[in-house]
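This report concerns only the one structure given below.
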Amino acid sequence: MNECSQLPRRRLPRNERERLIVEEAIRFFAEVGFEGQTRALANRLGVTQPLLYRYFPDKDALIDRVYSEVFVGGWENGWSQLLADRSRPLKDRLVDLYISYTQANFSYERVRLFMFASLKDRDIANRYLGFIREALFEPLVREIRHEARLNGDRPVSELEVECVAGLHGAIGYVGMRRWIYDTQLPAEISKVITSLITTFLQGAPSAFASLESAED
């Protein structure tokens with residue numbers, strides 16, 4: 001758990017003070033959930049609640065900024081390019097992508113905020129699922145189809161999305177074990193990720209082929 005931090009007493013540029021507020025809001029909501037009150041957050045920052053509202057007009061605006069920083073900001077554009085690079089084997093692309101993804105997102109704050117969003121804030125959870133579907137799930141479906149030499153022009157099906165979402169969930173569970181269940185993880189997480197991806201790719205192409213045959 002992170003310690004509380006107060007804003008410096010000296011006058012700060014507006015953008016720097018706003019950044020410090022957002023950083024503390026991320027830590028705050030990760031600890032107490034999105035039901036935490038802005039008055040308590042202001043106390044942690046050592047400022048008044050009205051001052052907080054000079055930067056964010058209401059709690060929803062602050063949560064929206066946290067969403068942008070943690071959920072959308074947790075995805076790097078380079079990962080989309082990496083996944084689409086068919087000059088490399090799909091397994092190698094996925095391993096590199098997910099190792100980089102977990103390094104960026106498997107922190108105390110991010111994992112706990114993902115959990116709280118799923119439990120308490122359906123809007124954030126749905127927005128994130130829509131985002132990750134567009135950024136990762138549907139592109140991965142197309143790459144698996146290409147790997148299996150299947151028809152790439154068909155609309156992505158919900159069953160195909162569920163299939164790739166299962167891989168994402170299995171890898172995400174590694175982060176949950178560390179920051180939600182507080183259990184010991186293997187020393188080399190990269191080997192765990194590689195094993196999960198290897199197992200997934202052994203079955204996904206044939207599963208997708210069966211789904212395509214069932215639609216014909």
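Every number in this text was worked out from the coordinates using simple rules, so none of it is lab data. Keep in mind that this is a model prediction, so the values were computed, not measured. Cβ: placed from backbone, ideal geometry, glycine included. Neighbour counts: every protein chain shown.
Working from Cα positions, state the angle (0 to 90°, nearest 10) between the long axis of helix 14-32 and the longest principal axis of the chain. Once rounded, one gets 70 degrees.
Think of it as helices only: each DSSP H run of n ≥ 4 in the chain is worth -39500 (n - 2.57), and spread over all residues that comes to -22500 deg cm²/dmol at 222 nm. Between ALA148 and VAL161, the distance separating the two model label sites (each 7 Å from Cα on the Cα→Cβ line) works out to 1.8 nm.
Find me the longest stretch of the chain that has none of the exposed GluC sites (Glu not before Pro), where exposed means in a DSSP loop (not H, G, I, E or B) with at most 12 other Cβ atoms within 10 Å. The partial results should precede the final answer.
Details: sites that count: GLU3, GLU35, GLU188.
Result, exposed sites excluded: 36-187.
What per residue convex hull volume, in Å³, comes out for segment 14-67 when only alpha-carbon positions are used? Walk me through the numbers on the way to the answer.
Details: hull volume 3.7 nm³, N = 54.
Spelled out: Cα convex hull of segment 14-67, divided by residues, is 68 Å³.
Against the main long axis of the alpha-carbon atoms of the chain, helix 122-132 sits at an angle near 50°. Specify the angular offset, from 0 to 90 degrees and rounded to the nearest 10, of the alpha carbon long axis of helix 189-215 from the longest principal axis of the alpha carbons in the chain. For 189-215 against the chain, the angle is about 50 degrees. Taken as Cα centroids, segment 117-136 and segment 160-216 sit 18 Å apart, rounded to the nearest whole angstrom.
Between LEU185 and ALA104, residue separation times 0.36 nm minus the direct Cα-Cα distance comes to 27.5 nm. Diffusion coefficient of the chain by Stokes-Einstein, Kirkwood radius over Cα pairs, 4 °C, 1.567 mPa s: 67 µm²/s. Taking every alpha-carbon pair within segment 72-133, the share separated by more than 20 Å comes to 36 percent.
Taken about its Cα centre, segment 36-194 carries a charge dipole of roughly 320 debye when the Cβ of each Lys and Arg holds +1 and the Cβ of each Asp and Glu holds -1.
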